[in-house]
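In what follows, a structure is listed as structure tokens, so that the remarks can point back to it.
The values are calculated or read from the model by the stated rules, or taken from the named source; none is laboratory data. Treat the numbers as computed from the prediction; the structure is a model and nothing was measured. Here the Cβ is made from the backbone with ideal geometry for all residues, glycine too, and neighbour counts use every protein chain on show. These area figures cover heavy atoms from the full protein model, side chains too; ligands, DNA and RNA do not enter into them. Shrake-Rupley method; radii C 1.70, N 1.55, O 1.52, S 1.80 Å.
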Amino acid sequence: MILVLVVVTALGFDFTNGFHDTANAMATSIATRALRPKVAVALSGILNLIGAFLSVEVALTVSNAVVRIQNADGTPKESLTSDGGTALLLIVLAGLIGGIVWNLLTWLLGLPSSSSHALFGGLVGATIAGLGWAGVNWNGNGSKLDGVVGKVILPALISPVIAGVVAAVGTWLIYKVTVGVAARFTENGFRWGQIGSASLVSLAHGTNDAQKTMGVITLALIASGEWTDTKSIPFWVKAACALAIALGTYLGGWRIIRTLGKGLVEIAPPQGMAAESASAAVILASSHLGFALSTTHVATGSILGSGVGRPGAQVRWRVAGRMAATWLITLPAAAMVGALMWYLGDFVGGVAGAIVIFALLLVAAGGMWLRSRLAPVDHTNVNDEWDEPAAAAERVPAGATH
Amino acid sequence: MSNLGFALEGAWKVLLAGLILGAGLPVLFALGIRSLAHGAGGEGAQPRPAGKVMAGTLFAIVVLGVLLGLTYIVASGFGKTISFDHVWPAIVDK
């Protein structure tokens with residue numbers, strides 16, 4: 001029973017992961033009208049689906065970066081499975097709920113925040129509640145970049161800066177190179193450049209992010225004895241995760257697309273291409289070098305950089321500042337929700353506890369969805385002019401969420 | 001070495017690769033567009049074949065770069081990675 005809830009919640013997280021991150025790849029193409037909004041999210045969704053199916057390798061040890069609930073080979077710690085896996089499942093369930101609630105809240109506010117950091121935050125909080133501070137892998141063992149500091153905090157500080165510099169340099173040079181070239185050449189050319197680079201980002205996102213949820217579900221299956229192979233994952237898990245992330249992407253987090261595409265800077269096609277190329281290159285290079293970073297942070301940094309690099313462009317630093325503040329509190333905020341959920345689930349106990357916190361998640365998600373209906377943002381108004389006061393009025397008290 | 005050391009070591013490599021691929025390729029692409037416009041000639045001017053050839057070459061380099069990225073994504077999905085040990089990229093086991 002708890003296992004079913006964990007699987008459903010994990011797929012729910014995967015879904016929010018998809019619609020939260022559509023903006024990373026497609027915000028620029030939508031803002032510059034290189035693609036119509038619906039076409040853009042459909043393209044991104046399909047590429048995420050393909051990407052998710054492409055990931056044959058098992059990301060079973062994904063949680064090892066931040067918490068100690070698994071052995072190095074991916075099997076769950078024996079101490080957590082002695083009671084049929086309930087101890088581990090409750091930690092994972094509470095952690096996932098923390099991640100989803102944070103993803104939905106930031107979506108409601110139209111703020112891009114890292115889905116992986118939300119998941120890690122939720123898991124860290126649930127682990128602190130369940131196993132104490134020692135259950136968290138804070139700093140790694142000093143042999144490689146690892147732990148909460150190495151995999152979450154440092155990359156979050158560094159990656160937007162790298163992406164921003166790359167995009168700024170690219171934008172500046174592109175404007176230098178194409179100065180005086182007739183618009184009929186630049187318009188069409190950069191349109192295709194943008195679509196190509198944004199597609200690469202979508203594909204890379206599908207391979208990376210769907211894998212994390214696949215790993216979490218497989219971990220839960222192993223913990224409850226439903227699966228034993230640490231080298232492969234059940235096909236239905238892969239298919240379900242791929243579909244969940246693709247559907248989420250297709251649904252589109254229009255609020256976040258709007259913030260990234262219109263809120264930060266007014267994006268012209270050359271900037272869009274520079275920003276997405278920078279994102280694609282930085283994401284691929286860092287994953288090649290084992291430097292874990294968040295697609296969201298990279299995409300935001302790139303778009304910001306494309307504004308800095310274009311002569312005379314206006315950058316809304318207030319919006320950027322609000323995003324940076326969100327990134328800082330993503331981990332602790334998701335951790336608090338995760339921890340609260342674990343305490344509550346543990347207090348009620350057993351299957352009933354899991355059901356109670358799952359029900360709370362449904363209430364929170366439904367509440368935020370209803371709240372979003374008051375000021376809907378969708379494919380029809382995603383490109384409207386940006387005016388600060390309207391965005392500020394969308395804020396809701398944080399206490400309304402749990 | 002501390003996490004900060006590892007992070008800075010990784011960061012400059014990512015920055016370098018990002019500048020070459022993420023800023024370099026788009027600039028080549030922009031140069032290609034410029035050549036294309038040059039090749040077509042201005043108002044009333046004669047088309048210049050050299051511009052088209054130049055544009056084709058530049059676009060081909062950009063396409064190769066994109067293919068490299070695609071190969072990496074697909075390869076990493078199968079548990080492989082691309083090695084640059086011999087300058088020329090080769091697919092190897094992780």
Exercise. Could you please tell me which pairs satisfy a Cβ distance under 6 Å, a separation of 6+ or placement on different chains, a first residue in region B:56-69 that is free of Cβ contacts under 8 Å to residues at least 40 places away in the same chain, and a second residue that is in a helix (DSSP H, G or I) and surrounded by 13 or more Cβ atoms within 10 Å (Cβ to Cβ)?
Key: B:Leu58/B:Leu28; B:Leu58/B:Leu31; B:Leu58/B:Gly32; B:Phe59/B:Gly32; B:Ile61/B:Leu28; B:Val62/B:Leu25; B:Val62/B:Leu28; B:Val62/B:Phe29
Quiz item: Of (1) over 30 Å from A:Arg310 (Cβ atoms); (2) touching a Leu at 6+ places or on another chain (Cβ under 6 Å), A:Asn141 satisfies all except one. Which?
Solution: (2)
Practice problem: Could you tell me which of the residues A:Leu304, A:Leu284, A:Leu328 is over 18 Å from the mean Cα position of the chain (by Cα) and of a type outside the set (Ser, Thr, Tyr)? | Solution: A:Leu304
Quiz item: Can you name the residue in region A:217-236 that is of a type in the set (Val, Ile, Thr) and open to solvent by 10 Å² or more (accessible area, probe 1.4 Å) and, of all such residues, is nearest to A:Ser116 (Cα to Cα)?
Solution: A:Ile233
Practice problem: Determine which single condition A:Pro155 fails, assuming it passes every other condition in (1) open to solvent by 10 Å² or more (accessible area, probe 1.4 Å); (2) in contact (Cβ under 8 Å) with a residue 60 or more places away in the chain; (3) facing chain B (nearest Cβ under 10 Å); (4) not polar (S, T, N, Q). | Solution: (1)
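The rows are residues; the columns are (1) open to solvent by less than 70 Å² (accessible area, probe 1.4 Å); (2) assigned to a loop (DSSP other than H, G, I, E, B); (3) of a type in the set (Lys, Arg).
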{"position": "A:Met341", "(1), (2), (3)": "yes, no, no"}
{"position": "A:Leu344", "(1), (2), (3)": "yes, no, no"}
{"position": "A:Ala352", "(1), (2), (3)": "yes, no, no"}
{"position": "A:Ala359", "(1), (2), (3)": "yes, no, no"}
{"position": "A:Val363", "(1), (2), (3)": "no, no, no"}
{"position": "A:Gly366", "(1), (2), (3)": "yes, no, no"}
{"position": "A:Ser372", "(1), (2), (3)": "yes, no, no"}
{"position": "A:Asn383", "(1), (2), (3)": "yes, yes, no"}
{"position": "A:Trp386", "(1), (2), (3)": "yes, yes, no"}
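Table: residues versus (1) assigned to a helix (DSSP H, G or I); (2) closer than 15 Å to A:His205 by Cα; (3) among the charged types (D, E, K, R); (4) open to solvent by less than 30 Å² (accessible area, probe 1.4 Å).
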| position | (1), (2), (3), (4) |
| --- | --- |
| A:Phe15 | yes, yes, no, no |
| A:Asp21 | yes, yes, yes, yes |
| A:Met26 | yes, yes, no, yes |
| A:Val39 | yes, no, no, no |
| A:Leu43 | yes, yes, no, no |
Exercise. State all residues of region B:5-36 that are more than 7 Å from every other protein chain (Cβ to nearest Cβ) and out of contact with any Gly (no Cβ under 7 Å at 6 or more places or on another chain); if no residue qualifies, say none.
Key: B:Gly5, B:Leu8, B:Glu9, B:Trp12, B:Leu16, B:Ile20, B:Gly24, B:Leu28, B:Gly32
Quiz item: Which of the following residues is more than 7 Å from chain B (Cβ to nearest Cβ), surrounded by 19 or more Cβ atoms within 10 Å (Cβ to Cβ) and touching a helix residue (DSSP H, G or I) at 6+ places or on another chain (Cβ under 7 Å): A:Val148, A:Val161, A:Val166?
Solution: A:Val148
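Residues are listed down the side, and each one gets a yes or a no for (1) part of a helix (DSSP H, G or I); (2) without any contact (Cβ under 8 Å) to a residue 24 or more places away in the chain; (3) open to solvent by less than 10 Å² (accessible area, probe 1.4 Å); (4) charged (D, E, K, R):
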residue: A:Lys238; (1), (2), (3), (4): yes, no, no, yes
residue: A:Cys241; (1), (2), (3), (4): yes, no, yes, no
residue: A:Ala244; (1), (2), (3), (4): yes, no, no, no
residue: A:Thr249; (1), (2), (3), (4): yes, no, yes, no
residue: A:Leu260; (1), (2), (3), (4): yes, no, yes, no
residue: A:Gln271; (1), (2), (3), (4): yes, no, yes, no
Quiz item: Out of (1) open to solvent by 20 Å² or more (accessible area, probe 1.4 Å); (2) assigned to a helix (DSSP H, G or I); (3) farther than 15 Å from A:Phe53 by Cα; (4) not acidic (Asp, Glu), what's the single condition that is false for A:Ala285?
Solution: (1)
Quiz item: Are there any pairs with C-beta distances below 8 angstrom linking a residue in region A:175-189 that is facing chain B (nearest Cβ under 7 Å) to a residue that is buried (at least 17 other Cβ atoms within 10 Å of the Cβ) and assigned to a loop (DSSP other than H, G, I, E, B), with the two at least 6 apart or on different chains, and if so which?
Solution: A:Thr186/A:Thr178
Quiz item: Restricting attention to region A:117-141, which residues are open to solvent by 40 Å² or more (accessible area, probe 1.4 Å) and within 8 Å of chain B (Cβ to nearest Cβ)?
Solution: A:Asn139
Exercise. Name every residue in region A:49-68 that is at pLDDT 75 or above and within 12 Å of chain B (Cβ to nearest Cβ), in order of residue number.
Key: A:Ile50, A:Gly51, A:Ala52, A:Phe53, A:Leu54
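Yes or no: region A:311-323 includes at least one residue that is within 13 Å of chain B (Cβ to nearest Cβ), under 25 Å from B:Phe29 (Cα atoms) and either without any contact (Cβ under 8 Å) to a residue 60 or more places away in the chain or assigned to a helix (DSSP H, G or I) (or both). Talk me through it step by step, then tell me what you get.
Filtering region A:311-323 down to residues within 13 Å of chain B (Cβ to nearest Cβ) leaves none.
No, the conditions are met nowhere in region A:311-323.
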Self-check item: Sole exception among (1) assigned to a helix (DSSP H, G or I); (2) buried (at least 22 other Cβ atoms within 10 Å of the Cβ) for A:Leu111, by number
Solution: (1)
Quiz item: Looking at (1) assigned to a helix (DSSP H, G or I); (2) closer than 29 Å to A:Gly261 by Cβ, can you tell me which one A:Val181 breaks?
Solution: (1)
Quiz item: Residues of region A:45-63 being surrounded by fewer than 20 Cβ atoms within 10 Å (Cβ to Cβ) and polar (S, T, N, Q), which ones?
Solution: A:Thr61
